[in-house]
Amino acid sequence: MAQVFRERANLFMRLGLLGLAILPGSLGLLGFSYYRSSAYTGVGRYVEQPVPFSHRHHAGELGIDCRYCHTGVEKAAFADLPPTETCMTCHSQIWTNAAMLAPVRKSLADNRPLRWQRVTSLPDYVYFDHSVHVSNGVGCSSCHGDVAAMPLMAKAEPMTMGWCLDCHRDPAAKLRPEEAIFDMRWQPPADQPAKGRALLAHYGTRAEHLTDCSVCHR
Amino acid sequence: MRRAIILRPAAAVLVASALAGCREDMEVQPKLTAYSSAAAFDQNMAARQPPTGTLDREALEREAALGRPPAPSEALIRRGAERYKIACTPCHGEAGLGDGIVVQRGFPQPPAFTEPRLLAADASHVVDVITHGWGVMYPYENRVAPADRWAIALYVRALQLAQTGKDAADPAPAQAVQR
């Protein structure tokens with residue numbers, strides 16, 4: 001009786017077995033890298049807005065403070081989007097005929113708010129509060145990136161739970177002094193570990209509770 | 001055979017409910033959050049305008065704070081300096097000369113705080129202008145809290161004293177601050 005398989009079949013069999021062994025691992029790796037990639041997290045993706053507002057121009061070149069428009073950031077969970085009146089405080093006098101600003105003028109005339117689109121958004125089961133972060137040593141750019149360098153607004157960080165926990169597990173690595181919270185170009189100094197520990201004490205933060213579930217979830 | 005008749009639908013129900021669990025999206029819950037849209041409300045906005053003729057709980061306190069100048073203190077000047085830098089510098093400039101960056105880009109120039117009319121004005125005038133606006137300046141009622149308006153008024157007075165060259169040890173400027 002003739003052989004069913006030729007000798008070469010041994011090789012295919014071995015390769016097949018090897019493939020089966022590495023398949024689950026490589027599928028896992030593929031999934032893992034996809035969920036870490038900007039294709040999934042949206043990092044760096046610009047969001048189309050009703051008016052192409054430039055933070056680089058307003059916050060960077062003109063040096064207008066974040067809190068001029070985002071008035072709620074020190075007091076409330078939500079940082080606040082400015083009402084149309086805030087835009088028109090200056091644009092009632094300058095660039096009054098700019099086509100780019102037509103939606104802003106229309107919004108004021110019709111008393112209908114502009115529909116700005118969210119750039120960063122957290123799931124509804126996360127109870128994030130801006131005020132508690134900016135009044136306890138976390139600066140804007142730690143989460144939003146160097147906004148003063150962005151012509152159009154893009155998400156700067158993945159805002160996944162793992163990313164939040166990076167800081168909540170080791171807050172001292174990123175904490176800033178009070179005067180540096182709104183500084184878009186702040187970088188941790190060389191002696192940040194020591195400074196960070198002192199700042200934890202300064203703000204009265206009990207770091208051991210920052211990873212409690214109920215800190216972010218209810 | 002009979003066991004299979006019971007087990008198969010049971011398994012199907014179990015699988016179906018497990019799959020339904022995957023669809024239950026906790027990320028987008030049926031609740032209204034800041035700035036979310038709400039088809040049932042005016043202009044499709046979850047944030048609603050208070051009905052005409054109603055006051056919020058803090059309205060009276062805010063109103064009272066406007067008529068109650070706080071005692072000048074170093075902390076209040078520091079607060080005023082911080083708030084001035086946020087809300088006023090774009091037009092009035094760091095030193096209050098009316099040379100802010102937005103003015104450099106074509107906005108009508110506001111008067112310097114050292115103008116005789118403003119040197120003679122009460123602190124309440126500054127508070128009033130922040131509240132109601134003045135000329136081409138929009139009201140800042142919704143952007144600067146009443147207590148902060150007094151703090152800014154105090155800082156404006158400090159800027160005036162610094163620029164008119166009066167000695168800080170002179171009792172007259174201290175009275176001017178309180179005026």
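The values are calculated or read from the model by the stated rules, or taken from the named source; none is laboratory data. Source: prediction; values computed, not measured. Here the Cβ positions follow ideal geometry from the backbone for every residue, glycine too, while neighbour counts run over all protein chains shown. Surface accessibility is based on the protein's heavy atoms, side chains included, excluding ligands, DNA and RNA. Shrake-Rupley method; radii C 1.70, N 1.55, O 1.52, S 1.80 Å.
Worth a mention:
- Label-point separation, A:Glu74 to A:Ala198 (7 Å along Cα→Cβ), nm: 2.3 nm
- The B-A contact accounts for roughly 2500 square angstrom of buried accessible surface, both chains included, probe 1.4 angstrom.
- Point-charge dipole on Cβ atoms (K/R +1, D/E -1) for chain A, about Cα centre, debye to 20: 760 debye
- All C-alpha to C-alpha distances of chain A, sorted into 5 Å bins beginning at zero, yield P(r) values of 1, 6, 10, 14, 14, 13, 10, 7, 6, 4, 3, 3, 3, 2, 2, 1, 1, 0, 0, 0 percent in whole numbers.
- Cα gyration tensor shape for the protein assembly as shown, rounded if a/c is under 1.5, else prolate or oblate: prolate
- Under 5 Å, built H, 5+ apart or other chain: amide partners of B:Met137: none
- Here B:Asp42 and B:Ser73 are evaluated by their C-beta separation; at R0 = 56 Å the FRET efficiency comes out at 0.80.
- Taking A:Pro123, A:Pro177, A:Pro151 in turn, the Gaussian network model of chain A (Cα-Cα springs below 10 Å) assigns the largest fluctuation to A:Pro123.
- Amide proton proximity set for B:Met45, modelled H, under 5 Å, gap of 5+: B:Ala38
- Accessible area (Å², 1.4 Å probe, nearest 10) - A:Cys66: 30 Å²
- Total lysine pairs under 27 Å (Cα atoms) in the protein assembly as shown, excluding pairs fewer than 8 apart on one chain: 11
- Tilt relative to chain A, helix A:192-203 - C-alpha long axis, 0 to 90 degrees, to 10: 50 degrees
- Only protein heavy atoms count here; under a 1.4 Å probe, B:Leu55 has an accessible surface of about 130 Å².
- Accessible surface of segment A:95-218 [probe 1.4 Å, protein heavy atoms]: carbon and sulfur percent: 58 percent
- Relative contact order for segment A:1-146, counting Cα pairs under 8 Å that sit 6 or more residues apart, in percent: 24 percent
- Structural size metrics of segment A:98-218, computed from C-alpha coordinates, are Rg and Dmax of 17.7, 54 Å.
- A:Ile22 contributes about 100 Å² of solvent-accessible surface, heavy atoms of the protein only, 1.4 Å probe.
- Overall form of segment A:121-181: oblate. Here a/c, set by the Cα gyration tensor axes a ≥ b ≥ c, is 1.5 or more, and a/b is not larger than b/c.
- Toward the positive end of the charge dipole of segment A:132-218, with +1 on the Cβ of Lys and Arg and -1 on the Cβ of Asp and Glu, the farthest Cα among A:Cys216, A:Val132, A:Ala180 is that of A:Cys216.
- The residues of the protein assembly as shown present an accessible area of 66 Å² per residue when probed at 1.4 Å with all protein chains retained.
- Sorted largest first by accessible area at a 1.4 angstrom probe radius, with every protein chain in place, the residues A:Met100, A:Met88 fall in the order A:Met100, A:Met88.
- A Förster radius of 51 Å, combined with the Cβ-Cβ distance separating A:Tyr127 from A:Ala149, puts the computed FRET efficiency at roughly 0.95.
- Euclidean distance of C-alpha centroids, segment A:146-218 and segment A:42-106, integer Å: 25 Å
- Ranking by accessible area, most exposed first, for B:Thr52, A:Thr211, A:Thr89 with a 1.4 Å probe: B:Thr52, A:Thr211, A:Thr89
- What the Cα convex hull of segment B:66-178 gives, in volume per residue, is 95 Å³.
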